[in-house]
Structure formats: C-alpha cells, structure tokens
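The values are calculated or read from the model by the stated rules, or taken from the named source; none is laboratory data. Not measured: the values here are computed from a predicted model. Glycine also receives a Cβ, built like all others from the backbone with ideal geometry; neighbour counts cover every protein chain displayed. Side chains included, ligands, DNA and RNA excluded: accessible areas come from the protein's heavy atoms. Shrake-Rupley method; radii C 1.70, N 1.55, O 1.52, S 1.80 Å.
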Amino acid sequence: DLHRRLNLQQRDEIGELATTFDLMLDRLERAFERQRQFTADASHELRTPLSIVTTETERILQRPRTTQEYTQALSIILQEQQRMTRLVGDLLTLARADQGQSVLKRERVDLSEIVVDAAEDLAHLAERNAIEIRLSGLDELMVWGDRLYLTQLCLNLLENALKYSAQFGKQVEVKLSQDQSYARLQVIDQGPGIEAAHLPHLFERFYRVDQSRTHTRPTENASLPSGSGLGLSIARWIVEEHGGSIQVRSSPGEGSVFDVCFPL
Ligand code: ADP
C-alpha cells in the first residue's frame, strides 16, 4: 500500500513538473516572438528614412543643381537623419528597459521645473502649430525620481499633444496636482481624440492609430512630424519604473487626457 501511494505521489510530482515546464516553454516562446517582432519593426522603421536619404542623394547627384535645390535636398536628408538618431535613441532606451534591472536614479526632483523645461523645449513646435501651452496647478511638486527620464516622459506626452492637436485645438494644458498619497501630472489637449478600440493598444511598442499618416515627407506636412510609435511605450516604462501608473481618457472629437500618477 505504501509502495502504491509513493508511486502515485511521484507520478503527481512528475505531472506537475511537466506542466511547469510547458508553461515556461510557452513563456519563452512568447518572449522570442516579441523579440523577433521588435527586431522586424525596428528594422522596418530604420529602412524608411534610410531609403529616403539614399533616393534623395542619388536624385540630387544626377545633374548639376541650383543652390536652392541643394539646400532643399540637404534639409530633407538632415531631417531624416534626425529621425534616425531619435529612433536609435528610443531603441536604446527600450533595450535598457528590457534588461530588467532598474537603470533609474532616485533623487528629489521638482516635477514642475521639469514640466517648465519641457514646455520651453517644445515652444517652437507649439508656435508652429499655433497652440498655447498652459501650465496649471502647482509651482512646486517634489517627487523621487530620475530627472532625465522624467523629462523624457513630459516631452513625449507634450509633444504628442502638440503634434496631434494641430489644426484642432488652440491650447494644451499641463496640470500638476497632489493629494496625500500621489503626485499627478495631466496632459490635456483639444485634439482629434482617439477611438475606444485603439486605447488598449496605445502604449504598445510601434503602435500607431493612423499607420498611413506616420511617415510624412518633410515637405508634405510640416505640422505633423512622423512618429515611430515608441513614445508612449517609453512613457509607460518610465512611469512604471517610478512605481506609478499612466492612463488615457479620450473620445473622438473631444481631445485626450494623459493622466500620470506617482506615489509620493
Ligand atoms: P508616435 O511616435 O506615433 O507619436 P506614440 O507611442 O507616442 O507614437 O503614440 C502612439 C499613437 O497614439 C500615435 O501614433 C497616435 O496615433 C496616438 N496618440 C498619441 N498621443 C495622442 C494625442 N494626444 N492625441 C491623439 N492621438 C494620440
């Protein structure tokens, strides 16, 4: 009897082991698939600006050109190179995110100072799109965090608000507030809004609502710089590394609110 019971127990354990092993394999396979997809998307993203640079250079070298033509070609090439530089920077950030261990500094930083700096950095984009950036709420909001990454978070959210609400709204508001347990940063625009079906995917890597509008040539639509679809995934990573959460509320025709909370 004892023999039989031991046998059964062993079989149970082997069964459990097999299940665990299956689950692990499953997770590994999914991780590989995500990695494969990421590499494919990243290569695809780099190929577009690279091919524009090549085509543009070949075209301009075909025969002698006027100074104006050279200037125009060079500015296209420069813009594509800036785009690639930024893309590579974003990819490096995500590679760091994937390493698992935290790369963030923890220092006392004033979130309102960071917001003011980000707004100054993007003043040219606001002006070009005829949008006023309004800062409201607190003049000082101290949190524990990494100044550089928090700045990048603000830049990503504010830049989106400015670029997507061009031709829709006149104002983008960045609002800071605080209660007992958390600090809150809201970026509110009067832009086109986002359909509910897209909201759950917005923070995924390379996800864009309107795929066709994403790579506009510099001369085609200067007010809507093309994006890589990485900004919000980086934003979410930064927020989560700070122990916070990010949410979006939006509906078509009513603008969007990106709402970030950090524990105090
Ligand atoms: P991108 O580089 O395309 O801006 P993001 O990850 O920052 O990438 O954003 C993903 C997508 O979410 C964008 O392509 C855009 O479709 C949508 N989106 C982000 N912010 C806004 C906003 N404020 N208003 C409308 N749509 C937005």
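Odds and ends about this structure:
- Ranking 33, 45, 127 by solvent-accessible area of protein heavy atoms (1.4 Å probe, all protein chains present), from largest to smallest, gives 127, 33, 45.
- About the centre of its Cα atoms, region 1-129 shows a dipole size close to 360 debye [charges on the beta carbon of Lys, Arg (+1) and Asp, Glu (-1) only; nearest 20 debye].
- Ranked order, 170, 105, 175, 163 - accessible area, probe 1.4 Å, largest first: 170, 105, 175, 163
- What the phi angles of region 32-43 give under the Karplus curve with 6.51, -1.76 and 1.60, with θ = phi - 60°, is a coupling list of 4, 5, 4, 5, 4, 4, 4, 5, 4, 5, 4, 5 Hz, glycine and proline written as x.
- Taking a ≥ b ≥ c as the square roots of the eigenvalues of the alpha-carbon gyration tensor, the chain is classed oblate because a/c is 1.5 or more while a/b is no larger than b/c.
- Separation of the residue 47 and residue 61 label points, Cα + 7 Å toward Cβ, nm: 2.2
- Relative to the longest principal axis of the Cα atoms of the chain, the long axis of helix 67-98 lies at roughly 20 degrees.
- Selection from 145, 235, 38 lying farthest towards where the dipole of the chain points positive, charges on Cβ: 38
- In Å², nearest 10: area of residue 114 left accessible to a 1.4 Å probe: 0
- Using θ = phi - 60° in the Karplus curve 6.51 cos²θ - 1.76 cosθ + 1.60, the 3J(HN,Hα) couplings for region 9-25 round to 4, 4, 5, 4, 5, 5, x, 4, 4, 4, 4, 4, 4, 4, 4, 5, 4 Hz; x is entered for Gly and Pro.
- Low-density loop cleavage sites - chymotrypsin sites (Phe, Trp or Tyr not before Pro) in region 108-204, where at most 15 other Cβ are within 10 Å (DSSP): 168
- Between 0 and 90 degrees, the angle of helix 147-164 with respect to the longest Cα principal axis of the chain falls at about 60 degrees.
- For region 55-198: rounded, prolate or oblate by the Cα gyration tensor [a/c cutoff 1.5]: prolate
- Each peptide among 20-28, 84-92 gets the average number of other Cβ atoms lying within 10 Å of its residues, and from highest to lowest they stand as 84-92, 20-28.
- Between 113, 159, 58, the residue with the greatest mean-square fluctuation in the GNM of the chain (Cα pairs under 10 Å linked by springs) is 58.
- Candidate aspartates and glutamates for bridging to residue 170, where Cα separation is under 17 Å - those fewer than 8 sequence places away on the same chain excluded: 127, 132, 159, 189, 254
- Measuring nothing but protein heavy atoms, the accessible surface of the chain at 1.4 Å probe radius is 53 percent carbon and sulfur.
- Radius ratio Rg over Rh of region 159-206, counting only Cα atoms, Kirkwood formula for Rh: 1.05
- For the chain, the longest principal axis of the C-alpha atoms and the axis of helix 111-121 are separated by about 40°.
- Solvent-accessible area per residue for the chain (1.4 angstrom probe, square angstrom): 61
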